[in-house]
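**Q** Structure provided below as structure tokens; questions to follow.
The values are calculated or read from the model by the stated rules, or taken from the named source; none is laboratory data. None of the values given here were measured: they were computed from a predicted structure. So basically every Cβ, Gly included, is an ideal-geometry build from the backbone, and we count neighbours across all protein chains shown. To get the accessible areas, we keep the full protein, side chains included, count just its heavy atoms, and leave off ligands, DNA and RNA. Shrake-Rupley method; radii C 1.70, N 1.55, O 1.52, S 1.80 Å.
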Amino acid sequence: MTLIFNWIHHHYGYGNIIMGIFIAFWLKLFFRKYEYNFFELLILLCFVLGMGMLIFSVFAIFEGLTKVSLMKVSGIIAIAYFTMAIGQFFDKKKIANYLKAFASYILGMITFSISAILLGLLIDFFIKS
């Protein structure tokens, strides 16, 4: 199981794209009345998740220079950015869209993590047998 998480950690770009697939599934489910297809949502997520990675990298540089731990703050800002960007994409006047965007992100992360754990367990099972 640790092999999968090590791969995700060392190939974070690919991990984000795969994570985007799970988040896009939840976005498609929550925003059914909008006529965006799955791939349009995936392209949106590539941009938004990429911007989130830029937020993390700015804070990582600042942390490296000052030795002040700010990675928790960067995580909160990245999630807030994701929620704001997705909520505004669908309809910035509806507060429910921001809540759906946040829920999509959290559920996408959870399903991605569960899938990675199950894949890791499956790989471990085949390696040991």
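**Q** Write out, first by first residue and then by second, each pair whose Cβ atoms fall under 8 Å of each other, whose residues are 6+ apart or on separate chains, and whose first residue, in the stretch 53-82, is closer than 25 Å to ILE17 by Cβ while the second is open to solvent by less than 70 Å² (accessible area, probe 1.4 Å) and of a type in the set (Ser, Thr, Tyr).
**A** Taking only residues 6 or more apart or on different chains, the pairs are ILE55/SER74; ILE55/TYR81; PHE56/SER74; VAL58/SER74; PHE59/SER74; ALA60/SER74; ILE79/TYR105; PHE82/TYR105.
**Q** Every residue in the stretch 82-96 that is in a helix (DSSP H, G or I), surrounded by fewer than 16 Cβ atoms within 10 Å (Cβ to Cβ) and either charged (D, E, K, R) or under 19 Å from the mean Cα position of the chain (by Cα) (or both), please.
**A** Correct list: MET84, GLN88, ASP91.
**Q** Being under 26 Å from THR2 (Cα atoms), within 14 Å of the chain's Cα centre (by Cα), β-branched (Val, Ile, Thr) and open to solvent by 60 Å² or more (accessible area, probe 1.4 Å) narrows it down to one of ILE110, ILE77, so name that one. I'd like the intermediate steps shown before the answer.
**A** Details: ILE77 fails: under 26 Å from THR2 (Cα atoms).
That would be ILE110, the only listed residue that is under 26 Å from THR2 (Cα atoms), within 14 Å of the chain's Cα centre (by Cα), β-branched (Val, Ile, Thr) and open to solvent by 60 Å² or more (accessible area, probe 1.4 Å).
**Q** While we're here: Quick one: would you say MET84 is under 24 Å from ILE114 (Cα atoms) and aliphatic (A, V, I, L, M)? Don't jump to the end; show me each part of the working.
**A** On the way: under 24 Å from ILE114 (Cα atoms): no; aliphatic (A, V, I, L, M): yes.
Answer is no for this residue.
**Q** Could you look through the stretch 1-36, keep only residues that are of a type in the set (Phe, Trp, Tyr) and in contact with a Ser or Thr (Cβ under 6 Å, 6 or more places away or on another chain), and pick out the one that is nearest to PHE89 (Cα to Cα)?
**A** Pass one, the stretch 1-36, residues of a type in the set (Phe, Trp, Tyr): 5, 7, 12, 14, 22, 25-26, 30-31, 34, 36.
Subsequent filtering for residues that are in contact with a Ser or Thr (Cβ under 6 Å, 6 or more places away or on another chain) retains 22, 26, 30.
Values: PHE22: 18, TRP26: 15, PHE30: 14 Å.
Selected residue: PHE30.
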